Amino acid sequence: MGHRSHEAEACRQLWIAVILTTLRDLLLPTRDGLLANQARAWIGTADFRSVCALAGLDAQTVADGMRHAEAVVREAEKDRGPGPRPSYFIETAMRKAREKC
């Protein structure tokens with residue numbers, strides 16, 4: 001039973017990593033915006049909902065959170081003055097989330 005429990009948790013962590021990668025792609029700017037566009041298009045799809053379920057997360061809550069985070073980051077990017085870019089904080093937060101998973 002312990003081995004199966006460990007395997008199940010490892011699989012869950014894998015699906016969480018997929019979600020975190022999508023969040024990173026959505027929030028971190030690239031020159032052409034391709035990754036953000038692909039992430040945006042994937043959020044809410046049947047595959048997205050399946051990944052969330054496999055991660056043990058509510059898909060609607062995850063989608064709402066991602067969309068909210070994108071709006072906040074984009075607004076911060078527009079109003080940004082001197083100092084670290086919001087993407088720095090996103091990378092730091094995602095690294096910490098991966099460490100905790």
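Can you give the net charge of the other residues whose Cβ lies under 15 Å from the Cβ of N37, counting K and R as +1 and D and E as -1?
On the way: positive: R24, R31, R40, R67, R74; negative: D25, D32, E70.
With Lys, Arg at +1 and Asp, Glu at -1, the neighbours total +2.
Here region 1-44 is described by how far its Cα atoms reach on the three principal axes: 47, 19, 10 Å, from widest to narrowest. Over what distance in Å are the Cα centres of region 61-79 and region 1-39 separated? With region 61-79 and region 1-39 each reduced to a Cα centre, they are spaced 17 Å.
Every number in this text was worked out from the coordinates using simple rules, so none of it is lab data. These numbers were taken from a predicted model, which means no experiment stands behind them. Reconstructed Cβ throughout: ideal geometry from the backbone, glycine too, with neighbour counts over all protein chains shown.
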